[in-house]
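Accompanying notes for the structure given below.
The values are calculated or read from the model by the stated rules, or taken from the named source; none is laboratory data. Here the structure is a predicted model, which means the values were calculated and not measured. Note that each Cβ is placed from the backbone with ideal geometry, even for glycine, and that neighbours are counted across all protein chains shown.
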Amino acid sequence: MAEYQKHLYMIVFPINALVASQLEPDMFGEHYTTGSAKHFSGKMIFAELDINFRNDYFEIEDYLAKTAPHSDGGPKKTKFIKSYNVLEHVDLSAINKLFLCTSNGKVLPIEPADYNAYNEPGLIRIYQEITPLETLVASTKDQREFGKFITTETTSKGAPKMCFTQIDFNIQQFLQSNKNREIFQIDLPNVNPYRFYDCITELKDKPEKLTKTIGLGSLLRDISYKFLRHGFWFSSGEELKFFPMPSMSDMENKYFYWWKFVR
């Protein structure tokens with residue numbers, strides 16, 4: 001019988017779950033998005049965890065033992081370990097690699113990197129929280145400050161750990177194009193343009209106001225990976241783990257096979 005390596009995968013989007021599998025990352029992404037009718041249809045984001053990661057919240061040893069080949073010799077594709085409060089119980093140091101999966105099962109691997117970028121103070125940014133919350137937020141906080149704020153400084157709108165990304169959206173162009181209009185338009189799906197305008201205006205007019213909630217749903221279901229800026233952050237207080245999107249040059253050359261399927 002064939003020998004298969006076991007993996008620990010944390011699904012980040014569209015759900016947050018811990019899964020054991022004998023599939024390699026590219027096959028796991030393809031199986032989850034296109035190979036099983038009981039799974040999700042659409043894009044998926046998942047991470048591979050250190051196989052030695054353990055936390056008493058999860059029965060990892062038991063489920064890894066059950067992750068064994070089928071009688072016909074085929075690999076065990078998915079063995080769900082937990083589907084609730086997963087990220088909150090995962091050490092950020094255990095997240096080895098992030099994978100972005102297109103709706104047709106093509107997988108892009110992303111390695112972690114130091115986040116040393118200079119951030120212009122007071123600039124309004126649009127953040128999409130991914131898990132465990134899915135709130136769309138406008139904020140004058142940079143990524144480090146925002147991550148710390150939503151994991152340690154607010155109990156009403158945060159969580160102990162958070163995965164989030166930044167939406168690449170030209171706020172100034174939105175304001176200019178809707179100036180003197182009676183009916184506002186916005187190039188963000190399912191976002192109320194009047195709510196968006198009010199949030200941006202309040203942040204501009206009230207420097208003491210640092211965040212405004214735009215909406216409670218996730219744009220990731222409807223927008224392309226092309227509209228994500230910088231990459232993905234996992235935050236827990238002062239701890240921040242960053243997974244950068246590849247450069248456009250790398251997308252067009254090194255990862256062209258994945259990039260051409262991104263919609």
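Annotations
- Selection status of Asn116, of a type in the set (S, T, N, Q) and touching a residue at least 40 places away in the same chain (Cβ under 8 Å): no
- Listed here are the helices (runs of 4 or more DSSP H) enclosed by segment 138-219 that have at least 3 residues being buried (at least 19 other Cβ atoms within 10 Å of the Cβ): 143-148, 193-205.
- Lone qualifier among Thr140, Thr131, Thr165, Thr135 - being out of contact with any His (no Cβ under 9 Å at 6 or more places or on another chain), assigned by TED's automatic domain parsing to the domain that holds Trp233, under 16 Å from Lys241 (Cβ atoms) and in contact (Cβ under 8 Å) with a residue 60 or more places away in the chain: Thr131
- Residue within segment 71-88 that is under 26 Å from Gly215 (Cβ atoms) and hydroxyl-bearing (Ser, Thr, Tyr) present: yes
- So Gly105, is it touching a helix residue (DSSP H, G or I) at 6+ places or on another chain (Cβ under 6 Å) and modelled with pLDDT under 95: yes
- A count restricted to segment 69-83 and to residues that are exposed (fewer than 15 other Cβ atoms within 10 Å of the Cβ) and either touching a residue at least 24 places away in the same chain (Cβ under 8 Å) or not assigned by TED's automatic domain parsing to the domain that holds Ala20 (or both) stands at 4.
- Test: residue in segment 146-156 that is within 27 Å of Leu87 (Cβ to Cβ), touching a residue at least 60 places away in the same chain (Cβ under 8 Å), touching a Phe, Trp or Tyr at 6+ places or on another chain (Cβ under 8 Å) and of a type in the set (D, E, K, R): no
- Those residues of segment 30-74 which are modelled with pLDDT under 95 and part of a helix (DSSP H, G or I), in sequence order: Glu30, His31, Tyr32, Thr33, Thr34, Gly35
- Failed criterion for Lys97 (all others in (1) over 23 Å from Ser236 (Cα atoms); (2) in contact with a Pro (Cβ under 7 Å, 6 or more places away or on another chain); (3) not aromatic (Phe, Trp, Tyr) hold): (1)
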